[in-house]
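Report on one structure; see the data block that follows.
The values are calculated or read from the model by the stated rules, or taken from the named source; none is laboratory data. Owing to the predicted nature of the structure, the values given are computational and were not obtained by experimental measurement. Every residue, glycine among them, receives a Cβ derived from its backbone with ideal geometry; neighbour counts consider all protein chains shown.
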Amino acid sequence: MRTARAAAVLAGLAVAVAACGNAPTTTQPTASSSASAGGAKTLEGVKLEVAAKWTGDEQKYFQQVLKAFTEKTGAKVTYASTGEDTGAYLGPRIQGGSPPDVAILPQPGLVQQYAKQNALKPVTDAVSKQLDTNYTPYWKELGSADGKVYGVLVKAAHKSLVWYRTQAFEDAGVQPPTNWDELVKASQTIADSGTPPFSLCGASAWTLTDLFENVYLSTAGPEKYDQLSKHEIPWTDPSVATALEKIQQIAGKKEFVLDGSSGALQTDFPTCVTKVFGQKKAAMIIEADFVATPVVQSKAKVGEDAKVFPFPKAGDTTPVILGGDVAVAMKDSPGAMALLEFLASKEGGEIWAKLPGYLSPNKNVSPDNYPDPLTKQLGQTIVSAGDAVRYDMSDLAPSAFGGTDGKGEWKVLQDFLRNPSDVKGAQEALEAEAKKAWK
Amino acid sequence: MTDRLDGPAAPREESDSRGDSPAPADAPHTTRRFGPSPVIAIAFLLPAALLLGVWVVYPIVYSVFRSLFDASGTGFTGLGNYATIFTDGAMLTTIRNNLIWVVVAPIVITTLGLIFAVLTERIRWATAFKLIVFMPMAVSLMAAGVIFRLVYEEDPDKGLANAVLTTVHDTFSSSQGYPEARPREGDQSPVAAQGGAVVTKQAAQTGRPVLIPIVGIKPAVMPGNAQAAKTPQGGNELSGTVWFDFTPGGGGKNGAVDGTEKGLPGMTVEAVSDGRVAATATTAEDGSFRFEGLPAGSYVVRLPQSNFEPAYRGLTWLGRTLITPAIIGAFVWVWAGFAMVLIAAGLAAIPRDALEAARIDGATEWQVFRRITVPLLSPVLLVVFVTMIINTLKVFDLVFIIAPSSVQPDANVIALEMWRVSFGGGNNQGLGSALAIFLLVLVLPFMIMNIRRFRRENA
């Protein structure tokens, strides 16, 4: 497995080198003319700390991007992993007055929260210029709080996808469904064939919020979606019931969920992918593009053994939901701003784009950079969808509601998976938690 | 806490060292003053007092102060945070869990420690045994948590606990059925599920083959010797086929035996008449069955539940109900060795002659243990017990690591909740401080108890 991965990385690097031509020798003149921080290694001797939640391969690939930054500017960058709970990692460090230079926040909600605590530094004009040239206004807004721009969306995730094991679909003789009823019907057929259709990652509750958001955006439409995101309508609204009832159709049947709901609740995110594509125990997994990384680790080929179809329409809207990580500066250092500028630039984005498991929200990063046709296609949908897409709702909520283990929406949706018959109880619990978080 | 111990001790030491020459000369007429001048005393106390002030007193005072304010730290809420602790459902769960912990864990640990200590006194390899039981103490709680997370994994192929359970279970009874197989849903199916069994919807007649289509057979449970399903022909007996009604790749006709569909061998089939089982048969490799010598008439054909019993998969250790006992098990694993070593040390200090005297007087071993050993050991047992109560109240790491996030609200304890509300999610350090103070108040009586005991022993 390790050799296969290494080979994949090497291949990626080879492409990168080939694409840049003899980049190492010619990079200096072009860089100095395009970016202000470029040219000679102006940040020689500067030390930076970057904190992000990535581990494993995602961390490895990000460190390759950081290495490119070091080669360009001379600044030494160390990486610190925050773990799943970024707020819990950064909170004490902010409180203690020693935050990392740059933090990559998994939720725009945290940008607002930290901006209120005066823990963030607004971006400089140079960074702002990169944002204007490379991003649509929607993305710029996501990194802003109270009219000031603090963050750069550096990594996007396409969350309206369903991954499936082609062999399981072939064995059952079903085609990728295009709407919810077809999905339920196909699931029944797959279950009849002896394979549980879904592997749910109940222990990683954010996968459940993603599922809910896709169904909700599709059944209730974008306007209601925005209202619910801001808690302008209560969670006891009938539209929420409709969405939960749809989820009930798949989560409520024990033959539809691998290992039943109790097993699913003990399965965390990469494990549930391995169960589908490695152990071949189930047929589908409802999650984002970054599922590709564990798929590759399971020795399955993306595009052959593992394919995706867009999240089926459960109502009138075809859902397109994105997640994404926002880089912010927490210290007023030239190094921090230079790194933000690099990450927001076409150059930085294209280096990252050549590595697996990455989608750029940067419209000037050509989709041709992505290492496989699937990512290419996803990249195009993100860039072309523009303002029509919606951002992951739970990530827009206060993190006590939408981003903490064992609390808020995360807990209630896990409880709902445990007992999918109680739609009303789930709604009331959601509303009670939302009231606490939005007060 | 420690300053109360140090306080009286420090002057006494001083008086010992310089007791002979200056003191009597200094104070001939006033009341005799022990120890040095206040200035020197303060100078000696200062470093300790400073450290205690910075690391203990200030944080406690500040936490009390902070607990009276809301999340942002600017709005005064009075005792609001404390009210939240006792009204919020999730917080009450954590308090309940802490109660379970405090009641169960110290008792189990002290008892186990006592048993180990008394038993190891008698065995030849005592040191080796003690070393092994004490070993978990060398592992950090964090690592112990990771170990037990794996031990409690539900899949018997991964989790040790369930691997042991299933192995033991399977040596006594093993299930060779078709778990999770079921009739197809909907009205078209000629059979229906009924209380775990599968029965024909219409009475079967002798001479006409009965079709029993089954779906949802996992590839792993499909027997290797299964043949393509066949419908038995001819004969006047009651006969039929049980088969997997699913054509690989799709396209088969539901409810009909298509060419490639496989029979399900080894199924037990019952012919039921008026609620009584009239005959039993077992399906052949092609799924067909035949009831020999059954009188003509109409029967309900039933596949009893035993055909569909799922294989035993052990317990859901990390589920809602077992999570707290499971974590307490890990905690006991870590601390039993510590209790054993302390109690063994106490045991070594017991006067042998008391035991010998009792034995000579004809006491049984149990009586010696019950009437002599335990009472003589009781001071040590109490120390171990109280120390364990304090340790239990502040348990954090094991719960944090072992409980999967989906059941963490059910396994939550005060220390973990304190950290979660303070730094995770809401960043509500007001409520977090209130929880910290609450925890302190819970621990205090036991601390005082321990200190009193130390003092009495030193006196």
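So for the stretch B:239-253 (the condition being small (Gly, Ala, Ser), out of contact with any Asp or Glu (no Cβ under 7 Å at 6 or more places or on another chain), modelled with pLDDT under 85 and within 27 Å of residue A:281 (Cβ to Cβ)), does at least one residue qualify? The answer is yes; a qualifying residue exists.
Scan the strands (runs of 3 or more DSSP E) fully inside the stretch B:244-299 and keep the ones with 1 or more residues being hydroxyl-bearing (Ser, Thr, Tyr) and under 47 Å from the mean Cα position of the chain (by Cα).
Numbers: elements: B:268-273, B:276-282, B:288-291.
Output list reads B:268-273, B:276-282.
What number of residues in the stretch A:106-139 are outside any helix (DSSP H, G or I) and within 14 Å of another protein chain (Cβ to nearest Cβ)? Walk me through it before giving the result.
Taking the stretch A:106-139 as the starting set, the residues that turn out to be outside any helix (DSSP H, G or I) are A:106-107, A:117-124, A:135-136.
When the remaining residues are screened for being within 14 Å of another protein chain (Cβ to nearest Cβ), the result is A:106-107, A:117-119.
The qualifying residues number 5.
Considering the conditions (1) more than 37 Å from the chain's Cα centre (by Cα); (2) closer than 23 Å to residue A:432 by Cβ, residue B:36 is excluded by exactly one of them, (2).
Yes or no: residue A:191 part of a helix (DSSP H, G or I), within 11 Å of chain B (Cβ to nearest Cβ) and either surrounded by 17 or more Cβ atoms within 10 Å (Cβ to Cβ) or of a type in the set (Lys, Arg) (or both)?
Values: part of a helix (DSSP H, G or I): yes; within 11 Å of chain B (Cβ to nearest Cβ): yes; either surrounded by 17 or more Cβ atoms within 10 Å (Cβ to Cβ) or of a type in the set (Lys, Arg) (or both): yes.
Against the criterion (part of a helix (DSSP H, G or I), within 11 Å of chain B (Cβ to nearest Cβ) and either surrounded by 17 or more Cβ atoms within 10 Å (Cβ to Cβ) or of a type in the set (Lys, Arg) (or both)), residue A:191 qualifies.
Can we say residue A:294 is in the same structural domain as residue A:199 (by TED's automatic domain parsing), surrounded by 19 or more Cβ atoms within 10 Å (Cβ to Cβ) and part of a helix (DSSP H, G or I)? Taking the combined requirement at face value, the residue satisfies it.
Scanning the stretch B:141-155 for residues that are out of contact with any Asp or Glu (no Cβ under 8 Å at 6 or more places or on another chain) and either part of a loop (DSSP other than H, G, I, E, B) or farther than 16 Å from residue B:326 by Cβ (or both) yields B:143, B:152, B:153, B:155. Condition check: in a helix (DSSP H, G or I) and assigned by TED's automatic domain parsing to the domain that holds residue B:411. Does residue B:118 satisfy that? It is true that residue B:118 is in a helix (DSSP H, G or I) and assigned by TED's automatic domain parsing to the domain that holds residue B:411.
Which one of A:270, A:234 is part of a helix (DSSP H, G or I) and in contact with a helix residue (DSSP H, G or I) (Cβ under 8 Å, 6 or more places away or on another chain)? From the options A:270, A:234, the qualifying one is A:270. Examine the stretch B:160-176 for a residue that is within 12 Å of another protein chain (Cβ to nearest Cβ), more than 22 Å from residue B:300 (Cβ to Cβ) and outside any helix (DSSP H, G or I), and state whether such a residue exists. No, there is no match, as no residue in the stretch B:160-176 is within 12 Å of another protein chain (Cβ to nearest Cβ), more than 22 Å from residue B:300 (Cβ to Cβ) and outside any helix (DSSP H, G or I). Taken over the stretch B:432-445, the criterion of being more than 11 Å from chain A (Cβ to nearest Cβ) and either within 21 Å of residue A:436 (Cβ to Cβ) or touching an Asp or Glu at 6+ places or on another chain (Cβ under 9 Å) (or both) is satisfied by B:433, B:434, B:435, B:436, B:438.
Of the helices (runs of 4 or more DSSP H) lying entirely inside the stretch A:366-439, those containing at least 1 residues that are within 14 Å of chain B (Cβ to nearest Cβ) and in contact with a Leu (Cβ under 8 Å, 6 or more places away or on another chain) are A:399-402, A:408-418.
The lone criterion from (1) within 14 Å of chain B (Cβ to nearest Cβ); (2) modelled with pLDDT of 90 or more; (3) out of contact with any helix residue (DSSP H, G or I) (no Cβ under 6 Å at 6 or more places or on another chain) left unmet by residue A:251 is number (3). Only one of the numbered conditions (1) surrounded by 14 or more Cβ atoms within 10 Å (Cβ to Cβ); (2) assigned to a loop (DSSP other than H, G, I, E, B); (3) without any contact (Cβ under 8 Å) to a residue 12 or more places away in the chain; (4) more than 14 Å from chain A (Cβ to nearest Cβ) is not met by residue B:192, and that is (2). Scanning the stretch A:77-87 for residues that are crowded, with 21+ Cβ neighbours inside 10 Å and within 8 Å of chain B (Cβ to nearest Cβ) turns up just one, A:87.
Residues of the stretch A:413-439 that are basic (Lys, Arg) and at pLDDT 90 or above: A:418, A:424, A:435. Of all residue pairs spaced 6 or more apart or on separate chains, those with beta-carbon atoms under 7 Å, a first member in the stretch B:216-235 that is under 20 Å from residue A:256 (Cβ atoms) and a second member that is hydrophobic (A, V, I, L, M, F, W, C) and modelled with pLDDT of 80 or more are B:216/A:191; B:216/B:181; B:217/B:181; B:217/B:244.
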